[in-house]
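What follows is a short report on a single structure.
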Amino acid sequence: MPSVGVKIYSVFFKLLLRHRLQSLANAADGDGGGGDFGVSCRADEATAPANPAFSAADGVASKDLHIDPNSALSVRIFLPTPPPHPHLLHPRRASDPAAGAAGAPYRGYLPHAVSSPRAAASARRRLPIVVQFHGGGFVTGSNCSASNDAFCRRVAKFCDAIVVAVGYRLAPESRYPAAFDDGVRVLRWIAKQANLAMMSKVGGGVDTFGASTVEPWIAAHGDPARCVLLGVSCGANIADFVTRKAVEDAKQFEPVKVVAQVLMYPFFIGSVPTHSEIRLANSYFYDKSTCLLAWRLLLSEKEFSLDHPAANPLAPGRGGPPLKCMPPTLTIVAEHDCMRDRAIAYSEELRKVNVDAPVLDYKDTVHEFATLDVFLKTPQAQACAEDIAIWMKKYISLRGHEFSY
């Protein structure tokens, strides 16, 4: 069972969350009224500033980008420390004894400034891209919140990957399908960056063509052919939706290829209650009544249904590609989470059609046990991030290095 401290914290968390949801519902007055621009972060959200220098604590740099002038959609990109070899660094950094050290500002590589074919191959090292969707019941949370920032840094470090944390539009200002469309839009944006980078190559380097539109971290270091979608709570629903779109119409996302997805305690629900939804109806942090209120804020009154395609992955007539076409899917569930059974059922259906879809079930844990700020330093949160990295590396490591971790 969770500790007494967790139980007490959960009570206050639910009271505060329910108050926030009720306030948003009253302010929305039934129709959102936020316009198309929307919001991606609440004013009372505790945020962490981006840091373009490689942190001394974890060796990860970060920066924010507002990628859509017509909406609040934004991303925070996390880049792990590059290999500290002098021939991989900009000449100014190679002459600096502290070059490549943690805390040094990012200035990029010069992949063409190498002295041997072996060095050139190393200099072209590309990192997989993890697209992360935060939790918060579609109405709270942010890609730049303190807890999400810490979690994404951990993923970038453990997986040695670029992490693109999506700041999608929140409900009720922007109801369904705004957040889901934002996820698709970010994947297209990554594809666009990769295509622009390929178009602008001259010899071994990159000229100034398109410099104002090419994102240098992704262009210089990202490998779009090794892309993983990772969703936390309601973000898992968005990740699964975007994955289905990428499978259904792969051409519009080229050269991005989604090789796997990670669903962390998905925010799934349905009209027919599962055993866990009955047994844990008043569970910790997110109970069923709170979840229902969040879904009412996301879906309009006209389309509200617990078997909505965004809510229930196994609802009849959901559409989309056959399950057998889905990429490998890792599902994380918590023992004391009312939504666990439906996530497990979805994983079982994937395994029935020979999709690699393991479930990692963590004992004595609650919803968001690996991502909520109060749990980030716990052994379970640390172990969960490590387990995700181990599984993910089967699909993002280069051929011949799948088991080098």
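Tell me the residue from 250, 281, 260 that is at pLDDT 95 or above and either open to solvent by 40 Å² or more (accessible area, probe 1.4 Å) or aliphatic (A, V, I, L, M) (or both), please. Explain how you work it out, then say what you get.
On the way: 250 fails: at pLDDT 95 or above; 281 fails: at pLDDT 95 or above.
None of the others qualify; the one that does is 260.
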State yes or no: is residue 301 open to solvent by 40 Å² or more (accessible area, probe 1.4 Å) and of a type in the set (Asp, Glu)? yes
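Take the conditions out of contact with any helix residue (DSSP H, G or I) (no Cβ under 7 Å at 6 or more places or on another chain) and assigned to a loop (DSSP other than H, G, I, E, B) and apply them to residue 255. Does it pass? Walk me through it before giving the result.
Numbers: out of contact with any helix residue (DSSP H, G or I) (no Cβ under 7 Å at 6 or more places or on another chain): no; assigned to a loop (DSSP other than H, G, I, E, B): yes.
The answer is no for residue 255.
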For segment 263-278, the count of residues that are open to solvent by less than 30 Å² (accessible area, probe 1.4 Å) and not in a loop (DSSP other than H, G, I, E, B) equals 4
Of the residues in segment 166-202 that are over 30 Å from residue 26 (Cβ atoms) and assigned to a strand (DSSP E or B), the one that is modelled with the lowest pLDDT is 202
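So that you can scan it fast, the table gives a plain yes or no per residue for (1) open to solvent by 40 Å² or more (accessible area, probe 1.4 Å); (2) free of Cβ contacts under 8 Å to residues at least 60 places away in the same chain:
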residue: 325; (1), (2): yes, no
residue: 328; (1), (2): no, no
residue: 336; (1), (2): no, no
residue: 345; (1), (2): no, no
residue: 357; (1), (2): no, yes
residue: 365; (1), (2): no, no
residue: 374; (1), (2): yes, no
residue: 386; (1), (2): yes, no
residue: 389; (1), (2): no, no
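Per-residue answers, yes or no, for (1) of a type in the set (D, E, K, R); (2) more than 17 Å from the chain's Cα centre (by Cα); (3) part of a loop (DSSP other than H, G, I, E, B); (4) at positive phi:
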| site | (1), (2), (3), (4) |
| --- | --- |
| 40 | no, no, yes, no |
| 50 | no, no, yes, no |
| 63 | yes, no, no, no |
| 68 | yes, yes, yes, no |
| 75 | no, no, no, no |
Got at least one residue in segment 380-399 being under 27 Å from residue 248 (Cβ atoms) and part of a strand (DSSP E or B)? no
Pairing a residue in segment 41-54 that is in contact (Cβ under 8 Å) with a residue 12 or more places away in the chain and open to solvent by less than 30 Å² (accessible area, probe 1.4 Å) with any residue that is charged (D, E, K, R) and assigned to a loop (DSSP other than H, G, I, E, B), where Cβ atoms lie under 9 Å and the two sit 6 or more apart in sequence or on different chains, gives none
Evaluation of residue 318 against (1) under 24 Å from residue 246 (Cβ atoms); (2) open to solvent by 30 Å² or more (accessible area, probe 1.4 Å); (3) part of a strand (DSSP E or B) (one fails), failing number: (3)
Report, by residue number, each residue of segment 341-379 that is in contact with a strand residue (DSSP E or B) (Cβ under 6 Å, 6 or more places away or on another chain), outside any strand (DSSP E or B) and polar (S, T, N, Q). 347, 371
For segment 154-198, enumerate the residues that are of a type in the set (S, T, N, Q) and either crowded, with 22+ Cβ neighbours inside 10 Å or free of Cβ contacts under 8 Å to residues at least 60 places away in the same chain (or both). 174, 193
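Among the candidates 225, 219, which residue alone is assigned to a helix (DSSP H, G or I), surrounded by fewer than 24 Cβ atoms within 10 Å (Cβ to Cβ), free of Cβ contacts under 8 Å to residues at least 40 places away in the same chain and out of contact with any Cys (no Cβ under 8 Å at 6 or more places or on another chain)?
Working: 225 fails: assigned to a helix (DSSP H, G or I).
From the options 225, 219, the qualifying one is 219.
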Are there any pairs with C-beta distances below 9 angstrom linking a residue in segment 1-23 that is open to solvent by 80 Å² or more (accessible area, probe 1.4 Å) to a residue that is of a type in the set (A, V, I, L, M, F, W, C), with the two at least 6 apart or on different chains, and if so which? 9/285; 9/374; 18/293; 22/293
Please verify whether segment 304-313 includes one or more residues that are in a helix (DSSP H, G or I), at negative phi and surrounded by 14 or more Cβ atoms within 10 Å (Cβ to Cβ). no
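Residues checked against (1) at pLDDT below 95; (2) under 15 Å from the mean Cα position of the chain (by Cα); (3) outside any helix (DSSP H, G or I):
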residue: 120; (1), (2), (3): yes, no, no
residue: 135; (1), (2), (3): no, yes, yes
residue: 143; (1), (2), (3): no, yes, yes
residue: 151; (1), (2), (3): no, yes, no
residue: 163; (1), (2), (3): no, yes, yes
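The values are calculated or read from the model by the stated rules, or taken from the named source; none is laboratory data. Just so you know, these numbers come straight off a predicted model, no measurement behind them. Note: ideal-geometry Cβ built from the backbone for every residue, glycine included; neighbour counts use all protein chains shown. Areas reflect the complete protein model, heavy atoms only, side chains present, ligands, DNA and RNA absent. Shrake-Rupley method; radii C 1.70, N 1.55, O 1.52, S 1.80 Å.
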